[in-house]
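Trainee: There's a structure below that I have some questions on.
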Amino acid sequence: MKNLDVEECCKGDSVKLKQLKELSEYLKIISDVNRLQILCLLKKGERCVCNIHEPLGLPQNLTSHHLKALREVGLVLARREGKWIHYRVNSDRINYFTNLYNLIVSGGEYEDQGIGAGMCQLQEAGG
């Protein structure tokens, strides 16, 4: 089997190798079910870590670890208020990755869908 040259594969596309690497890192980060659940909670509004780990039944230190990973790729923003840190979804960054994925994989057009509401609705329905 011949090795595929990524640069050659994407030649003519508006996607750069840097963007492919960013998308790869993003997909690694969101491949964890706990991180997806955190994003679903934050989609409903800003929360401090105690209001994230309790509903998910996760230890606070593990929740903080997942929040750090989500922050590193820009999916979650943080705001300090006294001793509390409040987290919220970075919709612009999620839209960026959603559109980049769509462009690379399906050659689709830009769609502003935010966080994949369908996934979160399934979870809320007990799925």
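The values are calculated or read from the model by the stated rules, or taken from the named source; none is laboratory data. Source: prediction; values computed, not measured. Neighbour counts are summed over all protein chains in view; Cβ atoms, including those assigned to glycine, are modelled from backbone coordinates with ideal geometry.
Trainee: I need every pair where a residue in the range 19-42 that is under 15 Å from His53 (Cβ atoms) and in contact (Cβ under 8 Å) with a residue 24 or more places away in the chain has its Cβ under 7 Å from the Cβ of a residue that is hydroxyl-bearing (Ser, Thr, Tyr) and buried (at least 18 other Cβ atoms within 10 Å of the Cβ), sequence separation at least 6 or different chains.
Mentor: Listed by first residue and then by second, the contacts come to Leu42/Tyr87.
Trainee: Do the conditions hold for Lys21, that is, is it within 24 Å of Val105 (Cβ to Cβ), modelled with pLDDT under 95 and of a type outside the set (Ser, Thr, Tyr)?
Mentor: yes
Trainee: Could you count how many residues in the range 61-87 are more than 12 Å from Leu42 (Cβ to Cβ) and of a type in the set (S, T, N, Q)?
Mentor: Final tally of qualifying residues: 2.
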